[in-house]
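To keep things clear, I will list the structure first and then write my remarks on it.
Every read-out reported here was derived from the displayed coordinates using simple, explicitly stated rules and does not represent laboratory data. Bear in mind that the values here come from a model prediction, so they are computed numbers and not experimental data. Cβ placement follows ideal geometry from the backbone for every residue including glycine, while neighbour counts extend to all protein chains displayed.
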């Protein structure tokens, strides 16, 4: 497809388990972003990858959260030892690397921690 | 860093009326202002954006105006239709556009009553 693809669309897991969320950006987009959206809330920035530069991790809420981007394309967001407050929709976006380019979002992964 | 405030948080209009959503930003160096529409269960979709070299931009029933002096920008939707019902987010670049990272407003839930 032509858009940002995220998988899984829904994930239910038990507290304490690790989860991996995947993002496939638009082809040719070298910038990739992860956001978190809690129920009825706005978008909370988590992490931003730009080409081969060191990622901006300033939004990661704790050291249980990490992300990587292999080969400059697909990205995975990993949450270790999940807590109930991690329940949210995790959104990925991608854009061209030039300044002030539109970010295009996937439909997110809805994560529920039991 | 940038701070974005968005008002109102909820807005109800009759079909056919106009809707206006306003955002203010704090960093005078910011130069790119996108608006996103988010429908239930979907990721945010870019609907219009404006760069600081223009004061207004229109796309059919949607327009955005920018006042750089006052540091605010607004989304105008004319002849509203029920399918315009959604949550709308404004955004501005963090750090005056030094990165592609965006700071989002808290969202406006627009309800168009048929």
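See the values below:
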read-out	value
Ordering of A:87-96, B:23-32 by packing [mean C-beta count within 10 Å, highest first]	A:87-96, B:23-32
Global geometry of the stretch B:41-105, whether rounded, prolate or oblate, following the gyration tensor of its Cα atoms and the 1.5 cut on a/c	oblate
Label-point separation in nm, residue A:66 to residue B:59, each point 7 Å along Cα→Cβ	3.9
Rounded FRET efficiency, nearest 0.05, which uses the C-beta distance separating residue A:38 from residue B:78 and R0 of 45 Å	0.90
Per-residue mean of C-beta atoms belonging to partner chains within 10 Å, peptide A:103-109	5
Packing rank of B:55-63, A:106-114, B:67-75, where each peptide gets the mean count of other beta carbons within 10 Å, highest leading	A:106-114, B:67-75, B:55-63
Cα centroid separation, the stretch A:1-36 to the stretch A:81-114 (Å)	7
Share of pairwise Cα separations in the stretch A:7-100, more than 16 Å, in percent	54
Rounded if a/c under 1.5, otherwise prolate or oblate - chain B, Cα gyration tensor axes	prolate
Part-to-part distance (alpha-carbon centres) for the stretch A:45-76 and the stretch B:7-34, which is given in Å	30
Likely footprinting exposure, A:81, A:64, fewest C-beta neighbours within 10 Å first	A:81, A:64
Zone of residue A:98's modelled label, taken as backbone nitrogen in the stretch A:35-55 under 19 Å from a point 7 Å along Cα→Cβ	A:50-52
19 Å cut-off, amide nitrogen to a point 7 angstrom out along residue A:112 Cα→Cβ, residues in the stretch B:23-63	B:40-43
